[in-house]
Amino acid sequence: MDQQSSESRSLEVEDGHAHGREGLVKRVYHVKNGEELSSGDANWEEKDGTSSKIEEKELSIEQIFDNKKVPSWLEQITFRAMLVSMFMGIMFCIIVLKFILTSGIIPFLNVSAGLLGFFFIKTWTKFLDKFGLLKTPFTRQENTVIQTCVVACYGIAYSGGFGLYLLGMSRKIYEQAGIGNPGNTADNIKDPSLGWIIGFLFTVSFIGLLALVPLRKIMVIDYKLTYPSGTATATLINGFHTPQGDKRARKQVRALGKYFTVSFLWGFFQWFFAAGDDCGFVQFPTFGLKARDHKFYFDFSLSYVGAGMICPHLVNLSILFGAVISWGLMSPLIHTQKGDWYTAPDESIQGLQGYRVFVSIALILGDGLYKFVKISYITVTSMYSQWKKNRTENCLPVVTSDGNEPPVNAAIPYDEQRRNEMFMKDSIPPWVAGAGYVALAAISIGVIPQIFHPMKRYFVLVAYILAPVLGFCNAYGCGLTGWNMASTYGKLAIFIFGAWAGKDDGGVLVGLAACGVMLSIVSPASDLMQDFKTGYLTLSSPRSMFVSQVIGTAMGCIIAPCTFWLFYKAFNVGDPNGEYPAPFALIYRNMAIIGVEGFGALPKHCLTICYCFFAAAIVMNLITDRVPKKVSQYIPLPMAMAIPFYLGSYFAIDMCVGTTIVFVWQKINRKRADVMVPAVASGLICGDGVWTLPSSILALAKVNPPICMKFLSRSMNTKVDAFINT
């Protein structure tokens, strides 16, 4: 054949018409001389009239994109990408804060962010292309930049501690923790203010991005850490930009738009019936009034139905199991001891509420301690094995059968060669990261004590010395297992620095502020490594990943506090009986109190019960790791069980409705369910979340709903009617 006909050609196979496989891209090779044919030819006819068989080779990801130019790192960061990232950052900050301030559970939103980013830019480019104005095509690298920027932005909504340590400093949570209780003193209060919150976040949020930058090659290329979340995101983005993936993405986007509209309109409809306390569908007594009094009811929250569709079945059922244990068994039994075990009102931290809160803390600490030890062990043993392997390879050079050393890339697959080359192309000098870390640490040492007066400069210095080590452990463990243990390191900081400061020198405030510093360093460091993994798998430049993370963090330092302030001013945030109870704020403050005071603040017999649940959390984890997977998949997760102890089971029932929908859908058509569930769930979450913005504005404008829909017992209804008729 001539040179032109022997050039590389590929066939795109769609709709499953070729060989029963959907969306494959194949090349067909002539077995005899390696030339390529179109896939329509079953045999190759030689000049002598004989025929030869041909074989088909499925292309790898990078071979599919081989004919597409990889943009430079500056071309990957486009104006339209940043504009879309800002818009999505606002939306996802609202969604994340709504979850944090209601239950503290945040579902995996990376898929939603990736899907929406693809949808917005694809719509933009399609519109411009229609008028012949499109100059820059939409690439997977630009998609990855959007994903990174958005995740960095809404990550501040979590690491900023708005429903955790930051709100735990407020006067409202101080009063809930019990005025006059040992360790809970009035000098450990700092009410939220938009000015100091933004200043604090700008001071601490960027330093985590610099802590591990010099180790990116070691983590991603040398150790080949999987980073399950980053790998899943890269797979999603790569799939979007193949021909068949683009078709599937359009179906997902249509489903997302449909359920977004349904969820938004449902939230709008519910608003009309919520004119007062205990009004509206959120108080619907699904299982009867008595069950509702014990927090067992379906509150028609489509956000949590969507969250239940995204979260694994085991997480949802563990939450429900924890609700049954706490509100169905433990609380009624302890309530029978009122007058003996406690005399305070049930809602007091010295009353029944105290048992719920501290047992929840015991479960969280037991689960966190076990996972901390486990991840530390895995990290150390894995690093030792890697070091031993590298040492052996360096000492024992490999040679081929002819006595020569093999080519450097002989055993490395094409995709890996290509990705390694691109990943190392745009390096970030280590001295930049080191100098930046030292400079930002110096600024923080001067600024943080001005914001939190009991926080001494040497506390901040020690935190910044420890943070890179803990950040590395967290990032390495996250790369191995997918678990981000940043909150565990934050809790560790509460106890260490709170006890160090002491109760007479603002130990509670110091512990909570140290938690904020640690969380703001350790969490972004792990997130950045996940983004590097995503960029590695999509041929995105590490430099564009880093810059987009910095831009997203800067956006988050403004957007997240402003969004929180909207919630804080429009709603009664922190009210345990309100719409936004922020359960973890009280939990974190009580952890800080225990850190400075010990266990003297606990109600009678509460410590014994806490010991039992602490031990139970460790035992459940041990059993989970020891038994086969077919058994461990039915063992509840202690961390998930802990959440409803304080809140009740209403959101657990919402999430179980979501998990039931997914279970039935998978039984009917698993393939379609696996494709469409993330889109449907994202639509439900985003629609209900976005409705929060207009409802907040209506509340600030003093525009109240016109109707109060309330549910009363027959006897109470008779009394109300008699009162009205008098």
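Observations, loosely collected:
- Qualifying residue in region 326-349 (condition: in the same structural domain as GLY578 (by TED's automatic domain parsing), basic (Lys, Arg), within 31 Å of the chain's Cα centre (by Cα) and outside any loop (DSSP other than H, G, I, E, B)): no
- Just one of the listed residues (PHE269, PHE273, PHE296) is assigned by TED's automatic domain parsing to the domain that holds PRO644 and over 26 Å from the mean Cα position of the chain (by Cα), namely PHE296.
- In region 251-278, the residues that are β-branched (Val, Ile, Thr) and exposed (fewer than 14 other Cβ atoms within 10 Å of the Cβ): THR261
- Here GLY306, GLY354 are screened, and the one residue that is in a helix (DSSP H, G or I), in contact with a helix residue (DSSP H, G or I) (Cβ under 8 Å, 6 or more places away or on another chain) and closer than 30 Å to LYS258 by Cα is GLY306.
- Of the helices (runs of 4 or more DSSP H) contained entirely in region 204-293, those carrying at least 2 residues that are touching a Leu at 6+ places or on another chain (Cβ under 7 Å) fall at 207-211, 228-240, 243-271.
- Condition broken by LEU317, with the remaining ones in (1) of a type outside the set (Asp, Glu); (2) modelled with pLDDT of 90 or more; (3) under 22 Å from GLY687 (Cβ atoms) satisfied: (3)
- Residue among ILE465, ILE494 that alone is buried (at least 24 other Cβ atoms within 10 Å of the Cβ) and among the hydrophobic types (A, V, I, L, M, F, W, C): ILE494
- Exactly one residue among VAL469, VAL438 is more than 26 Å from ALA585 (Cα to Cα), assigned by TED's automatic domain parsing to the domain that holds ILE221, at pLDDT below 95 and more than 28 Å from the chain's Cα centre (by Cα), and that residue is VAL438.
- Filtered residues of region 321-344 (kept if hydrophobic (A, V, I, L, M, F, W, C) and either surrounded by 16 or more Cβ atoms within 10 Å (Cβ to Cβ) or farther than 14 Å from ILE609 by Cβ (or both)): PHE321, ALA323, VAL324, ILE325, TRP327, MET330, ILE334, TRP341, ALA344
- ALA362 being out of contact with any Lys or Arg (no Cβ under 8 Å at 6 or more places or on another chain) and under 14 Å from ILE587 (Cα atoms): yes
- Within region 65-84, residues that are within 15 Å of GLY552 (Cβ to Cβ) have Cβ atoms under 7 Å from residues that are part of a loop (DSSP other than H, G, I, E, B) and among the β-branched types (Val, Ile, Thr) in these pairs: THR78/THR136, counting only partners at least 6 apart in sequence or on another chain.
- Among (1) touching a helix residue (DSSP H, G or I) at 6+ places or on another chain (Cβ under 6 Å); (2) polar (S, T, N, Q); (3) surrounded by fewer than 13 Cβ atoms within 10 Å (Cβ to Cβ); (4) farther than 30 Å from SER348 by Cβ, the one test that SER713 misses: (4)
Yes/no matrix, rows are residues, columns are (1) under 13 Å from GLY354 (Cα atoms); (2) among the β-branched types (Val, Ile, Thr); (3) crowded, with 22+ Cβ neighbours inside 10 Å:
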| residue | (1), (2), (3) |
| --- | --- |
| VAL596 | no, yes, yes |
| LYS604 | yes, no, no |
| TYR611 | no, no, no |
| ALA617 | no, no, yes |
| ILE623 | no, yes, no |
| PRO636 | no, no, no |
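- Every residue from region 660-689 that is more than 18 Å from LEU115 (Cα to Cα) and basic (Lys, Arg): LYS667, ARG670, LYS671
- Residues located in region 565-594, provided they are assigned to a helix (DSSP H, G or I) and among the hydroxyl-bearing types (Ser, Thr, Tyr): TYR568, TYR588
- Flag if ILE558 is in a helix (DSSP H, G or I), in contact with a Leu (Cβ under 9 Å, 6 or more places away or on another chain), among the hydrophobic types (A, V, I, L, M, F, W, C) and modelled with pLDDT under 95: no
- Test: residue in region 500-513 that is touching a Pro at 6+ places or on another chain (Cβ under 6 Å), modelled with pLDDT of 90 or more, of a type outside the set (Val, Ile, Thr) and not in a helix (DSSP H, G or I): yes
- Single residue of region 428-462 satisfying the filter (surrounded by 15 or more Cβ atoms within 10 Å (Cβ to Cβ) and of a type in the set (Gly, Ala, Ser)) that is nearest to PRO542 (Cα to Cα): ALA433
- Flag for LEU607 being of a type outside the set (Val, Ile, Thr), more than 30 Å from THR226 (Cα to Cα), outside any loop (DSSP other than H, G, I, E, B) and at pLDDT below 90: yes
- Any chance ILE428 is among the aliphatic types (A, V, I, L, M), under 26 Å from SER520 (Cβ atoms), at pLDDT below 90 and part of a loop (DSSP other than H, G, I, E, B): yes
The values are calculated or read from the model by the stated rules, or taken from the named source; none is laboratory data. If you're wondering where the values come from, they're calculated on a predicted model, not measured in any experiment. Every residue, glycine as well, gets a Cβ built from its backbone with ideal geometry; the counts of neighbours run over all protein chains shown.
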